[in-house]
Structure formats: structure tokens, C-alpha cells
Amino acid sequence: MAEQLQQLILDTIDREKEIKDTRTLTIPGDAAPATSQEAQLVVQGALNSLLSKEMVTYSMQEAFAYALTQEGNDIADKGSHEAVVWSVLPLKGQGTPLSIKDLKQKVGDETAKIGQGRAFKNGWIAKEGDGLVKLVQSIDDTTRNELAEIRATGTLAAGEKAIAELRKRKLVQQKKLLWFSAQKGSNFSTSLDKLETDLTAEMLQSGAWKTAKFKKYNFDAEGIPPNGGALHPLLKVREEFRNIFMEMGFAEMPTSQFVESGFWCFDTLFVPQQHPARDLQDTFYVSDPPESLSPPTDYYEKVQKVHTVGGYGSIGYRAPWSDADSRKLLLRTHTTASSSNLLWRLANRKGGFKPVKMFSIDRVFRNEATDATHLAEFHQVEGVVADYGISLADLIGFMQTFFKKMGIHNLRFKPAYNPYTEPSLEIFAFHPMLDKWVEIGNSGMFRPEMLAPMGLPDGVQVLGWGLSLERPTMIRYGINNIRTLVGHKVSIDSVEKSAAVRF
Amino acid sequence: MPTVAVDKEDLFERLGQSYTTEEFDHLCFEFGIELDEDTTVEVEEAVKKGLPAERPQLKIEVPANRYDLLCIEGIARALRVFLQKQKAPVYKLVEPASMLTATVSPETAQIRPFFACAILRNVAFTPRSYASFMDLQDKLHQNICRRRQLVAIGTHDLDTLEPPFRYEARPPNNIKFKPLNKSEEYTATELMNIYEGEKHLARYLHIIRDSPVYPIIYDKQDRVLSMPPIINSEHSKITLDTKNIFIDVTATDETKLNIVVNIVATMFSEYCAEPYSIEPVRVVYPDGRTVIQPDISSRRTTARASYINSCTALSLSSEEIASLLERMSLEASVSPSNPDEIQVDVPCTRPDIFHECDIMEDTAIAYGFNNLPRTFPTTSTVAQPLAVSKLSDLVRQEWAMAGWVEVLPLILCSHDENFAWLNRKDDNQTAIKLANPKTAEYQVIRTSLLPGLLKTIRENRKHPLPIRVFETSDIAVKDKSAERQSRNIRHAAAVWCNKTAGFEIVCGLLDRIMAMLEVPRIFTHTENATHGYYLKETEDPTFFPGRAAKIFYRPKGNPPYSESQMSQTPSGSGTAQEAAGSGPIAAVKEAVSAAVSKLKSTDDVEIGLIGILHPTVVEKFEIPYPCSALEFTLEPFMKEVPHIWADDA
């Protein structure tokens, strides 16, 4: 049908030079000219097809037509309220007059109410006793007839005044009607070529591509999304951090130990046993298995001693010591527990201490109330440099280079407190969007009370720093709620759409 | 970090100058405290609207180990010294003609053995300094005192009391007094019940509740001063008009006891008629030991200029270091015998100084962290990833390229998600359980990646089908042989969710990664192959009957998994079979022997499971579509990375 209509349009234009008013066309298969809006939309479809082949041009015109409201349609179907009322009454003298109550029952409240008035006014009915009767044998239901005419033609021969009356009664409303004028286009022809949409292998083989006409391409249309998978945005940022570390010669530290003991997570780091970080409110403790095996005895005794009575030039915490607290199992609150273990092994390796640069990025756990920026789990990025004679200046200079690789150029350092580093420096970066300095990480030189019991040689300094992986990722992807980044509530869609990470 | 709210106008008056918010923020930053908030704007707006408003405050975060900065008195003192507007004050003990005494009874050893006191004479409080005095005690109680658990402070109007004092511990029914802000006397037993309903005190009751004896302090006339760590008495309470203050401190260790009494006494001694003077008290312990309290003497230590310079990359003279240390309230002078040595007198207000490195840090702060040279460490090393990370990344890349989406669920989950919802039984041999989670979401460390994947699918039910997600990450299981009684295992898992279950699709994903790892498939007709993987049908409650298989791996040549290793490190840990109650070792052995009989190989290792998830499992996870799943351990596929050093084992 679509092609027939297109052919009709082309033929009509060919014959008459143009189509002034598409409402004069009769769509093939229809009985009457295409005067309705629906029919005109079909015509527009055909015109658009021809337009895309530049065979015609057309302009859109507007006209107003009248259409029936819901109530108008009902009347056109069933008759006016007054006609309905009239139809159910007995003719005067030929039966028992119908009481108002019975009338309402028969035709409904609304029809009874409106119909009565108009039927009286028209002289169709009269009151007899408590009831109503017909006065005339037959009526002419003008309202219904007029509505039927409007429904069929969109207008009324009786003229605007009658229409205005019907509009007042909310039976008729004005409707916009689109119609079109069409002229020849630059490629006008009466023969309707079938346009090709795509170049095919058959065309190449047969050579048909040389003569085939191709449909004009819509370059505004989006392509079809590829079927590939996607990596998670946080882990893409992790990869970028790994790359930065590797570019700087760092080896990855083993961290596959979610469960740590109080000894490795805190004691070895010279975190006092009464430190708030070890509270139940902050740390997840493990109930099963019940406790760790004994740590290496020699090292354990040295650690205990430096806490309780000092040593290596330190006065120590001089506080009570609990073996049970050391043996408590817990979920690591920082990957520094693994770093500490590795530094101890490094100090005691067969070939003796060797300078190292090491990093890790892995999950840590905090038993904190969760909110938009805190989850019970997050990733810690950590770097450690151990060598003879390195200094605070190295730490600061190194931080500068490290963060520069992430596009952060403006750093400053604030003195801070951390039980296992001295000095401890909070790293602040200027955030141009927030227009203020924001804390982006922590750093410091590990304390002698931590390093000396491990057996690291004199003169070896260890620089360390840490930051969360989530924070820079949230900044990178403009994420405000961490739950939309980590955890099962993350939408797969957002994973699929997250951009590549280029700091 | 504790936050201290100080009156802005008072602080600037003490500092002898006004600062803009920005200037003050900068001063704080350099000194190592942090201006959290300046309420000036807020207060001005309230005043403009005619609302009641307090005086503008500065809210300052101070390091958790600087108890001397927990009040305006201490902050102002430290900053004035830092700004070189004054020298660090010298605190002194002023002994009266006859020193007051306090005796400690032996019973206190059962509950809170250490006792200290101090007296501040002729104090003149203003409403704001009085409030600061109360606030300092509260700050100390919340920080170093660990919510009064380790140390508790009481302060009293000395003029209402008659020395000597006695620190005792008595059964609660033998204690009766009128506590602060009550009009009647109660026994300690009654008080414990009454305070149960008073939120601010209820949280301290547990410290002594179950002890047979409670700590209690009396004066000569048997009047109660305090029942530490719960409440003081009404009788001796201090007011704005109190002139002479008696401070009592009780503790479970002597170090913190001394720190706390010193801080309270030194901070508020500035309001004494003779500023910075403190009257000592003689405390007699049951063993006859006598201690003059408080001990505010400074601690003499030395720091080497060479050490400080090597740590900071500076080349300061000993004199320069000494003068920088003076700005940090540390009395310092160059040793007459060794020009490299600086003698430092650490005042009793700086218990955060343990070691020469703390003095080095103070030098660096006074010099300015941001004025230090910036160098780059010359440490030359070789970069190296971990074998497990390389392998994980390989799987992640391959699976993402194959069209699967990586997700990142949490490692902690509920017990039900890890067991019951997967139709698995907990035999208490695998999963690590948490003692103190705040919600049921965090009861165990997952022993399988499936719960997280299934929860992710549940939350993404509206995503167009098929949903195909994977994760490559650690699970953790108990391990009796390990020091921390557990170990992590790197798993890879994937779930396919569509209108049809699609076993062959997850199977294809397995085939693909094995092909990439150069592990060939072993078929029935190639069952004598020396290397490869194969599936073997199994019954597993997580999976639909007849649609589940174990994945077996036959290592090349010398297998990385010998029989003895396997009994320590069952690769099937966390799988349904093990959880079903047969025990990990038995399960693996059984699986292995079954494989042996069929495939005539002794080295085959069960590495995981594959199958269509049981309809009751997807129902538990509220997924309205069938799912197929795959999970296996990556451990046998790790490729050793080269050692960095030749002498590495």
C-alpha cells in the first residue's frame, strides 16, 4: 500500500505539476478522499519516503476541523438526552405516564435530568399527573444529526453558529488538522526505484553497486552498541595506580590475608593496645576461629618489650600488655599489616636486607556505620620505600612525583599523628572544582619502635604512604554515593558505560 | 581526632592578635592542628535574624596524642610559644608547710589500683574558664581515659573537705552517699540501678558493675568525694566560686594516671593566684610506697643533630635545632660535652614524645614541612607484579573481551547468603565468622563468589537479558596450620542469567579461559592425556539435579599439588561438597579417588563447580530467571614470577 500511495503522489504531481492539498487524494484502497488526520499522517509517511530520495518536496499546512467529545460521540451513537427521554415515554393517552423515579431508573440520572428540560422546551413531552408522556408521534433529533455530520465531515453545513452552540454544550471540540502541499523534488521521476539500504556481498559480486541507488544515510543516528563486556570502573582505576607504581619501579606486595591478628595488624606497628582503633566499634573481630597461633617467639618478645618498657632509644608506652589482645583475630583495618609482615621477612631474609620499593592495593575492613562515603569495606593503596639514609625530603619529593602522575600538581603537607609513623604527614591537594585544599592521603616515616624489633639494620629508613582507591575514583567519575561504585547495588549499566581512566 | 571548640575572641586575645579565618587556618595547618569550622558567619546570621546565638567559636581538630591541646588554655599556650610570643611556661610544685596525704587501701588492687591527686590553690574562675575546666575533663575521659575505662578524674572544692583522704574499694552495699545533683543518699548498689536510666552515666556502669568491690574516695570525716569512674559527690562539688580545687585521678596503669593528672593540673594552674603553681599531695600505697603527686618534672633526653639532619635532609646546626625545638615548647640546649648532641627537657605536658624521632619531627614542624627540600629517593629497584595479580588480570581481560561484565560485590556477607540460600550446610570448618558486626549483612567472610554475583543480579533485574557477570577475587577459609588460622584463595566465578539456563554458555566461558591458559580439554577418548581439565557429573544441592559438574584439573609434569599439600590446602574449600558435612579433606580425597578410578590419574585436582543453579537458589536471591554458574580456584594456574634478587629462595 505504501508504495501504491507513493506512486499515486508521483503520478498526481506528474499530471498536475503539484498537489496543492493532499486532502484531495484518495489513498489506494480507501473509498473517500483522505480528509481525516489519520489519513493525512499516512500521506506524510509516504511524502517523507519520497523526500529522503529527493523525489518530492513538501510543505506542511494547518487547518482546523471539529471532532466530537466523548459525550458528543455517545449522542451521535445513541441519540440526544432529550430524544432518549422522549423514546421511553408512553404517547399521551396510550399508557400509564412514567413517574420521574421510573424514568431515572430507565435512562439514568444524568440523561433524565438534562433530557427532560430540553424535551419540554422542544414541546416533545408533557406532565400528566405525577408522570410524563410523549406529546408527538415522531421527532427530529437535530443534535444527533448535526453531531453525526461533524463526525463524518469534520464540519457542519448549518454553519458556525450551530457549531458554536454544540461547542458550548461540550459535545464538539476544535482540532488541528495537518495537511500538505507537494511539489517535484530534484530527483523527481514517476518510476519508484527501490533504494538500497546497505552495500552487500551480492552487489559486489554482481556489480549491481554501480547502478544501484542508495537510500540517503542519517548520520545523526547512533550506532549499535557493541556486544563486548566491561571491566569494573574501580578496578580500572586500580590498574592505573598499579601502572603508576610499576612505572616507578615498585614491586607488588602479597596481601592475600583478610584475617590478621592483633599482633600483626597493631602491635608490630607500635599501635598501643589501648588505642581506639582497636575498639569493637571500629574493628571487626573474628569469633571463629578463636585466636591466632603464637607469632614468632623472638620477634613477639621484642615487640612486647618495646611497647611495655621501651628500648631502641624509646621509653615505650609503659602500659599493661595483653597476650590475648595480640592473639585476637580480626579483619585487617589496613594493608599495613601485610607491609609490616613483609618488612619483618625482609629484615630476616637469608641474603640480608635489600632496599625495596613496594606497593599494594587491596581490600580493608572497618566496622563503621556506613553512609554515602563510607562502606565497611574499601581498598587501600599503599606504597613503601625502604633504604639506607632516605629522608623526609625524599618522601615529600616522591609524593610530588607520584601524584603528578595522577594529574595532581599542587600538594602541601600537614603534620599529623599516626602511631606508627614519625613524622606523619597528611597530604593535601588543591581541588580546583571545590576551590579548597582536600586531604588525599597519609604518609610518614615508620617509627624506630616498629623497625628496630624487626631487625632492620641501623640507618635503614622506611617511607610509607596510603590513600583510598575509592576516593580518587569517585572524583574521577563524579560519583557522590559510594554504594553506586562498590557492592552488589552497583548497576551493571553503569559498569558498562564507565569511561576509560586516563589521569 | 578530637575536636575542641574554643571561644574565638578569647583565643585571639590570648594570642595577642586577630586572624582572618584563612590566616588562622594556615597557622593551624603549619602547626599540625586543623581548623574544622569557624562559626562566626553562622552566629552573625542568627543575630541578624534575632535568634539566640552563642559567641563565635573555632572548632579545632587536634592530634589524638596531644592531650595538652584539648582545651583553649593549652592551644593558646602552645601557639604563643610556636609564634615566639612567650617561652614555654615552667610549672612548679609549691609544697605547703605540711603536705596533705592520701592513703590507698589494698582492696583497690582488685579494681583500679592507681591513685593520684593534685591541688590548685586560690583559683579564680570565670564562667567560660569554668566551662573549659569541665570540658577538658570530658575530653580526657573520652580520649586517653578510653571512656573512663582506664582513667577517671574527679574535681572537688577542697574547702568542703578535711584531709587526709582515703582511696578504698568496698562492696557496693557498704557505700552510701549523696551523689552529684541528687538530693538523697543512695547505696552504690542503688546508684547502679538509678544510673541505668541516665544515658550519660549508664555507659560507664559496666566498668565496675561486676566487681565485688567499687572504688571510693573518703575524707577524714568519712565524707565521699567520688565513686570513680562513675560519679562525684554532691557535698564536695565545685562551683564558680570554688577557690581551692582538689583533683583526684584513679587508673588501671600508672603511665596514664600521671599523664592525666599532669594535664589537668598544668592546664588550669594558670588560673591560680600564683600562675603555673601546683600543690602536691603525698600518696601512700598499701605496700608503704610513698609518691609525691603530681610528678611534673620534665624528662631529660638527648637528640643528635646528625640524626635530625639525616632524617630531614637539612643541615641545621645544633643551636638552630635547639631554637626550633623551643618553639615546640621543648626546653633545649646544646650539650656542653658533645656539639652534635642537643639536651632536651621534655615537659610533663608532652607525653607524646617517646624517642629521638619525635624530637626530629618537632624540629621539622617548627622548620615547616612545606619548607623542607624536596628530593627523589635514589633507591633503584625492579618493578614486579604478583603472580596472582597477573593471573587474575588475565582472566578479567579475557572474560571482559568475551562479553562479560565485571562486578565488585562485598567480601562480607550474611551467613544465610553464604550457606542456606545456596542450599549449603555450614560444617563450621570453612567460613570465618565475625564477632561484632553492626548488621546481619556482615556475618561471615564469603567462602564463595556466588552470593555476591547473585545479589548483583537481583539488584539489576531490570537490566536487559541476558545478564552475564563475573568476579575474580579472594574468598577466605579457615586454615588451622596458618598463624592467622585462615588464608585467602583467589577464585574466578561467573553467572549467566537469561530466559533459558544456558549451561553451555558458562561452559564456553570456562573452555575459553582454559584455552587462553593453554590447558586442553580432556575428553573420554583422550582420557590418558597428561595435562588438561574435564568435567565430571556430580550431585550438588546448589545446582539443579543432573546439571552440575565438578571441574577437574590434571597438572602438567610435576604437579604443584602433591597429596600431602592437598590435605593442607584443599582446593575445594568453600564448595558445597565440603560444606555438606563430609569435611574438606575427606571431600577432596573422595573426589580425587573417584577421578582416579575413572581416569587412571593420581594427580587430578578438583578446582571448582559448574552447573545450572537450583531453582530454590535463584528463588532465595529473588531472581525470576534461570541461571548457570561457574566457580573455580585460580591457584593451580599461577605462573611463578622471577625472583628480584639472585639470593632469593
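Answer with yes or no whether A:LYS216 is free of Cβ contacts under 8 Å to residues at least 60 places away in the same chain and either surrounded by 15 or more Cβ atoms within 10 Å (Cβ to Cβ) or among the charged types (D, E, K, R) (or both). Answer is no for this residue. Among the conditions (1) in contact with a Leu (Cβ under 7 Å, 6 or more places away or on another chain); (2) surrounded by fewer than 19 Cβ atoms within 10 Å (Cβ to Cβ); (3) within 14 Å of chain A (Cβ to nearest Cβ); (4) not aromatic (Phe, Trp, Tyr), B:ILE60 misses just one, which is (2). For B:ASP241, the conditions (1) outside any strand (DSSP E or B); (2) crowded, with 19+ Cβ neighbours inside 10 Å all hold with the exception of (2). For the residues B:GLU326, B:GLU331, B:GLU361, B:GLU398, the requirement of being in the same structural domain as B:GLU539 (by the TED database), of a type in the set (D, E, K, R) and crowded, with 17+ Cβ neighbours inside 10 Å singles out B:GLU398.
I'd like to know if the range A:407-418 contains one or more residues that are of a type in the set (Gly, Ala, Ser) and surrounded by fewer than 18 Cβ atoms within 10 Å (Cβ to Cβ). Checked the range A:407-418: at least one residue is of a type in the set (Gly, Ala, Ser) and surrounded by fewer than 18 Cβ atoms within 10 Å (Cβ to Cβ).
Yes/no matrix, rows are residues, columns are (1) without any contact (Cβ under 8 Å) to a residue 60 or more places away in the chain; (2) on the phi < 0 side of the Ramachandran plot; (3) among the β-branched types (Val, Ile, Thr):
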position: A:GLU426; (1), (2), (3): yes, yes, no
position: A:ILE440; (1), (2), (3): yes, yes, yes
position: A:GLN461; (1), (2), (3): no, yes, no
position: A:PRO472; (1), (2), (3): no, yes, no
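Going residue by residue through the range B:418-435, is there one that turns out to be part of a helix (DSSP H, G or I), crowded, with 18+ Cβ neighbours inside 10 Å and without any contact (Cβ under 8 Å) to a residue 40 or more places away in the chain? The answer is yes, given that some residue of the range B:418-435 is part of a helix (DSSP H, G or I), crowded, with 18+ Cβ neighbours inside 10 Å and without any contact (Cβ under 8 Å) to a residue 40 or more places away in the chain.
Condition (residue is out of contact with any Asp or Glu (no Cβ under 9 Å at 6 or more places or on another chain), assigned to a loop (DSSP other than H, G, I, E, B) and modelled with pLDDT of 95 or more) applied to the range B:76-84: is it met by at least one residue? Yes, because at least one residue in the range B:76-84 is out of contact with any Asp or Glu (no Cβ under 9 Å at 6 or more places or on another chain), assigned to a loop (DSSP other than H, G, I, E, B) and modelled with pLDDT of 95 or more. When A:GLU291, A:GLU247, A:GLU240, A:GLU222 are checked against the criterion of being more than 21 Å from B:ALA476 (Cα to Cα), more than 7 Å from every other protein chain (Cβ to nearest Cβ), of a type outside the set (Gly, Ala, Ser) and surrounded by 14 or more Cβ atoms within 10 Å (Cβ to Cβ), a single residue qualifies: A:GLU240. Does A:GLU426 meet the test of being buried (at least 17 other Cβ atoms within 10 Å of the Cβ) and of a type in the set (Asp, Glu)? When the stated conditions are applied, A:GLU426 passes them. Residues in the range A:351-373 that are at the interface with chain B (Cβ under 8 Å from one of its Cβ atoms) and at pLDDT 90 or above: A:LYS354, A:PRO355, A:VAL356, A:LYS357, A:ARG363, A:PHE365, A:ASN367. Residue check: B:TYR276 meets all listed conditions (1) in contact with a Phe, Trp or Tyr (Cβ under 8 Å, 6 or more places away or on another chain); (2) surrounded by fewer than 21 Cβ atoms within 10 Å (Cβ to Cβ); (3) closer than 26 Å to A:MET450 by Cβ but one, namely (3).
Looking at B:ILE365, B:ILE353, B:ILE359, B:ILE342, can you tell me which residue is in contact with a strand residue (DSSP E or B) (Cβ under 9 Å, 6 or more places away or on another chain) and in a loop (DSSP other than H, G, I, E, B)?
B:ILE353
The sole residue among A:SER424, A:SER491 that is within 30 Å of A:PRO225 (Cα to Cα) and at the interface with chain B (Cβ under 10 Å from one of its Cβ atoms) is A:SER491.
For first residues located in the range B:526-550 and on the phi > 0 side of the Ramachandran plot, partners that are modelled with pLDDT under 95 and part of a strand (DSSP E or B) and lie 6+ apart or on another chain with Cβ distances below 7 Å form the pairs B:GLY532/B:ARG521; B:GLY532/B:ARG554.
Among residues of the range B:54-82 that are over 26 Å from A:TYR420 (Cβ atoms), those with a Cβ under 7 angstrom from a residue that is small (Gly, Ala, Ser) and surrounded by 18 or more Cβ atoms within 10 Å (Cβ to Cβ), sequence gap 6+ or separate chain, pair up as B:CYS71/B:SER132; B:ILE72/B:SER132; B:GLU73/B:SER132; B:VAL81/B:ALA88; B:VAL81/B:SER329.
When A:ALA230 is tested against (1) touching a helix residue (DSSP H, G or I) at 6+ places or on another chain (Cβ under 8 Å); (2) under 30 Å from B:PRO464 (Cβ atoms); (3) more than 12 Å from chain B (Cβ to nearest Cβ), exactly one condition is not met: (3).
Would you check if B:CYS348 is touching a residue at least 24 places away in the same chain (Cβ under 8 Å) and assigned to a loop (DSSP other than H, G, I, E, B)?
Yes.
Being in a helix (DSSP H, G or I), among the basic types (Lys, Arg) and closer than 18 Å to A:GLU426 by Cβ holds for only one residue in A:ARG483, A:ARG471, and it is A:ARG471.
Determine if the range A:296-315 includes at least one residue that is surrounded by fewer than 23 Cβ atoms within 10 Å (Cβ to Cβ), at the interface with chain B (Cβ under 10 Å from one of its Cβ atoms) and charged (D, E, K, R). Checked against the condition, which is being surrounded by fewer than 23 Cβ atoms within 10 Å (Cβ to Cβ), at the interface with chain B (Cβ under 10 Å from one of its Cβ atoms) and charged (D, E, K, R), the range A:296-315 yields no hits at all. The residue that is surrounded by the fewest Cβ atoms within 10 Å (Cβ to Cβ), among those in the range A:448-468 that are within 14 Å of another protein chain (Cβ to nearest Cβ) and assigned to a helix (DSSP H, G or I), is A:ALA452. Restricting the first member to the range B:284-299 and to residues that are over 29 Å from B:ILE342 (Cα atoms), and the second to residues that are of a type in the set (Ser, Thr, Tyr), the beta-carbon pairs closer than 7 Å and six or more apart or on different chains are B:VAL284/B:THR101; B:VAL284/B:THR103; B:VAL284/B:THR290; B:PRO286/B:SER105. For the range B:22-57, what are the residues that are hydrophobic (A, V, I, L, M, F, W, C) and surrounded by fewer than 18 Cβ atoms within 10 Å (Cβ to Cβ)? Of everything in the range B:22-57, those that are hydrophobic (A, V, I, L, M, F, W, C) and surrounded by fewer than 18 Cβ atoms within 10 Å (Cβ to Cβ) turn out to be B:LEU27, B:VAL41, B:VAL43, B:ALA46, B:VAL47, B:LEU51, B:ALA53. Any residue in the range B:249-272 that is in contact with a helix residue (DSSP H, G or I) (Cβ under 6 Å, 6 or more places away or on another chain), more than 14 Å from chain A (Cβ to nearest Cβ), at negative phi and among the polar types (S, T, N, Q)? No: the range B:249-272 contains no residue that is in contact with a helix residue (DSSP H, G or I) (Cβ under 6 Å, 6 or more places away or on another chain), more than 14 Å from chain A (Cβ to nearest Cβ), at negative phi and among the polar types (S, T, N, Q).
Filter the range A:374-416 for residues that are more than 7 Å from chain B (Cβ to nearest Cβ), in a helix (DSSP H, G or I) and either at positive phi or over 39 Å from the mean Cα position of the chain (by Cα) (or both) and give the result. Selection gives A:LEU395 alone. Of the residues making up the range A:324-337, none is β-branched (Val, Ile, Thr), more than 7 Å from every other protein chain (Cβ to nearest Cβ) and without any contact (Cβ under 8 Å) to a residue 24 or more places away in the chain. If the condition is being within 14 Å of A:LYS127 (Cα to Cα) and part of a loop (DSSP other than H, G, I, E, B), then the range A:95-115 contributes A:GLY95, A:THR96, A:PRO97.
The values are calculated or read from the model by the stated rules, or taken from the named source; none is laboratory data. Everything numeric in this text was worked out from a predicted model, so none of it was measured. All Cβ positions, glycine included, derive from the backbone under ideal geometry; neighbour counts span all protein chains shown.
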